[in-house]
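Report on the following structure.
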Amino acid sequence: MNEPLPPSAAVLDDLLRTRFSCRAYRPDPVPRAVIEAALGTALRTPSWCNTQPWQVDVLSGAALQAFTTELHATLAADAPANADFPFPAAYVGDYRERRKVCGVQLYQALGIAREDRARAREQSLENYRCFGAPHAAIVTTDASLGFYGGVDCGLFLMSFLLALQAQGVDSIPQAALASHPDVVRRHIPLADDRRVVFGVSFGYGDHAQPVNGYRTARVGLAEAVRFLE
């Protein structure tokens, strides 16, 4: 029988268990004070040598609309990705299987048949409209910090997702929003030494939409962890 978790651990466990990647949003904007509070919490994230390499640009309203309109059009025209950080070359073994299961769950929730390539593509392109979220955050790092700057930004990402979740705000982290940094740079003034790592779309989820009704599984300790003594 497992011992009950201490209160703070129980809160963290609940946030991680209930958080999901939201793919349909209500149009209501999140109050600025709520966004700032979540970002303020996330800024407590640790980083290598306390470099804190993340820079965050939050797009809303007309700025977000202009960005997503161009990004969606770029991807709809099949422009090849030119991300600042290379995307995975391939998914193999367990990674391929998990990715496949996730995709099947998504399309089943939406009622998209396996052979319906047109609807599958249409849904994929919704990534570049931020799934209708009223806000998107673009996170960049300093080019000189390389891989580890990206790692630190990943730590920041998890803090931000949980800080949003704690305030009842849904979200989805998206590498898709970093797939065309040239488009990003046309809408966000970035210094030459900044590299686009990822984006986060966020807002109040529309929980009546079937796409928000499925949940992906996680592996257990036995599969993911080894104890060496």
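Just so it is clear, none of the values below were taken in a lab; they were calculated from the coordinates. Nothing here was measured: the structure is a model prediction, and the numbers come from that model. Methodologically, a virtual Cβ is constructed for each residue, glycine included, from the backbone with ideal geometry; neighbour enumeration extends over all protein chains shown.
Mind listing which trypsin sites (Lys or Arg not before Pro) in segment 142-229 are in a DSSP loop and have 14 or fewer other Cβ atoms within 10 Å? Working shown, then result.
Details: sites: Arg185, Arg186, Arg194, Arg195, Arg215, Arg218, Arg226; in loops: Arg215, Arg218, Arg226.
Loop-located and lightly packed - Arg215, Arg218, Arg226.
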Query - Helix-only [θ]222 nm of the chain, DSSP H runs n ≥ 4, -39500 (n - 2.57) each, per residue, nearest 500 - result: -13500 deg cm²/dmol
**Report entry** Within segment 140-159, backbone nitrogen closer than 20 Å to the virtual label 7 Å beyond the Cα of Cys49 toward Cβ
**Finding:** 140-156
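If you put +1 on each Lys and Arg Cβ and -1 on each Asp and Glu Cβ, how big is the dipole of the chain around its Cα centre, in Debye rounded to 20?
Details: 22 positive and 24 negative charges, 88 e Å.
So the magnitude is around 420 debye.
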Query raised in the report: How far is it, in nm, from the label point at Gln105 to the one at Thr216 when both lie 7 Å from their Cα along the line to the Cβ?
Result: 0.8 nm
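What per residue convex hull volume, in Å³, comes out for segment 1-55 when only alpha-carbon positions are used? List each step's numbers first, then the result.
On the way: hull volume 9.8 nm³, N = 55.
Convex hull volume per residue, Cα atoms: 178 Å³.
Could you size up the charge dipole of segment 83-219 around its Cα centre, putting +1 on the beta carbon of Lys and Arg and -1 on that of Asp and Glu, and report it in debye to the nearest 20? Mind dumping the intermediate values first?
Details: 15 positive and 14 negative charges, 82 e Å.
Dipole about the Cα centre, nearest 20: 400 debye.
Hey, what D do you get for segment 107-214 in µm²/s if you plug the Kirkwood alpha-carbon radius into Stokes-Einstein at 20 °C and 1.002 mPa s? Before the final figure, lay out the partial values.
Numbers: Rh = 15.5 Å.
Taking Rh from Cα pairs, D becomes 139 µm²/s.
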Requested in this report: Using only Cα positions of segment 4-105, each an equal point scatterer, no hydration layer, compute I(q)/I(0) via Debye at q = 0.09, 0.12, 0.20, 0.24 Å⁻¹ and quote the log10 values to two decimals.
Outcome: -0.43, -0.81, -1.41, -1.25
Report task. Specify the inter-centroid distance of segment 64-81 and segment 123-174, based on alpha-carbon positions, in whole Å. Result -> 18 Å
Query raised in the report: Summing Lys, Arg as +1 and Asp, Glu as -1, what charge do residues with Cβ under 14 Å from the Cβ of Leu190 carry, Leu190 excluded?
Result: -2
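Residues with beta-carbon under 15 Å from that of Ala143, excluding Ala143: net charge, scoring Lys, Arg +1 and Asp, Glu -1?
Working: positive: Arg185, Arg194, Arg195; negative: Asp84, Asp142, Asp152, Asp192, Asp193.
Here the count lands on -2.
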Query - At 0.692 mPa s and 37 °C, Stokes diffusion of the chain via Kirkwood alpha-carbon radius, µm² per second - result: 172 µm²/s
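Of all trypsin sites (Lys or Arg not before Pro) in segment 35-109, which ones are in loop regions per DSSP and have a Cβ with at most 10 other Cβ atoms within 10 Å? Don't skip to the end; give the middle numbers.
Details: sites: Arg44, Arg96, Arg98, Arg99, Lys100; in loops: Arg44.
Here the sparse-neighbourhood loop sites are Arg44.
Which of the helices in the chain, when you take each full DSSP H run, stretch at least 18 Å along the axis at their Cα atoms and have an average Kyte-Doolittle score of 1.0 or higher?
Values: long enough: 61-76 (22 Å, 0.66); 93-110 (26 Å, -0.81); 146-166 (31 Å, 1.38).
In the chain, the long hydrophobic H runs are 146-166.
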